[in-house]
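Novice: First the structure, then my questions, so here it is.
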Amino acid sequence: MNEPRWLTEDEQRIWRAYTAATKLVGERLDRQLQRDSGMPATYYEILVALSEAPNRELRMSELAEFTRSSRSRLSHAIARLEENGWVVRRSCPTDKRGSFASLTDLGYSVLRAAAPGHVTEVRAALFNGLTAEQLRQLGEIAEAIRDHAGAGCPAASCDGD
């Protein structure tokens, strides 16, 4: 077996800063959404995806891909959102294995109420600490990482969505 190509000191520093930063921002946003809107960030992400979809509805497989969630994790979240009256699920009329999730009017209202505080926290946690040039660079870097990390990596499985 070949010896792994260990991280250099610089790469180790960058890796640790990156993981700490992404965890801190994610935790901060999750805390804000829980505190102000009574929902975890994963539920907010689902509501956003549905709000941006045509007719505020997505096939479960598309929603799983958008949120990078497993089918079981997404199904559990959708069940909780259904209990709250924020989402409804319906079977696909042309594919009995498939189903759709739709954002209800109540869910849309909840999302609209949560959005201002969330956007304020995103700005405070991420954007306000950076210069315009750093923001531009961050955008390029984040897109490059997303594209490279996602290459050849299948999204959430769509079988029987």
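Please treat every number below as a calculation from the coordinates, not as lab data. Keep in mind the model is a prediction, meaning the values are calculated, not measured. When we count neighbours, we look across all protein chains shown, and the Cβ atoms used for this are built from the backbone with ideal geometry, even at glycine.
Novice: Take the alpha-carbon centre of segment 82-103, take the same for segment 8-36, and report the distance between them in whole Å.
Specialist: Between the Cα centre of segment 82-103 and that of segment 8-36, the gap is 34 Å.
Novice: Please give the contour-minus-distance gain from Ile14 to Asp36: 0.36 nm per residue of separation, less the Cα-Cα distance, rounded to one decimal in nm.
Specialist: Extending this stretch completely gives an extra 4.6 nm.
Novice: Right, next: Between the helical axis of 105-122 and the dominant principal axis of the chain, each derived from Cα atoms, what acute angle in degrees is found, rounded to the nearest 10?
Specialist: For helix 105-122, the angle is close to 10 degrees.
Novice: Roughly what % of Cα-Cα distances in the chain sit above 25 Å, to the whole percent?
Specialist: Counting every Cα pair in the chain, those more than 25 Å apart make up 44 percent.
Novice: Starting with the fewest neighbours, write out Tyr43, Tyr108, Tyr18 ranked by other beta-carbon atoms found within 10 Å of each beta-carbon.
Specialist: Tyr18, Tyr108, Tyr43
Novice: Order of 109-121, 58-70, 132-144 by packing, highest average Cβ count within 10 Å first?
Specialist: Put in order of decreasing packing, that is 58-70, 109-121, 132-144.
Novice: Please state the relative contact order of the chain as a whole percent: Cα pairs under 8 Å, 6+ residues apart?
Specialist: It rounds to 28 percent for the chain.
Novice: Could I have the simple spin-label model distance between Thr94 and Ile145, label points 7 Å from Cα toward Cβ, reported in nm to one decimal?
Specialist: With each label placed 7 Å out from Cα toward Cβ, I get 3.8 nm.
Novice: Suppose the chain between Asn128 and Ala113 were pulled fully straight at 0.36 nm per residue; how much longer would it get relative to their current alpha carbon spacing?
Specialist: Extending this stretch completely gives an extra 3.2 nm.
Novice: Using Cα springs under 10 Å in a Gaussian network model of the chain, which residue among Asp105, Asp95, Asp36 shows the largest mean-square fluctuation?
Specialist: In the Gaussian network model the winner is Asp95.
Novice: List every residue whose amide H lies under 5 Å from the amide H of Gly98, counting only residues 5 or more places away in sequence or on a different chain, with H placed 1.01 Å from N in the peptide plane.
Specialist: For Gly98, the qualifying residues are Cys92.
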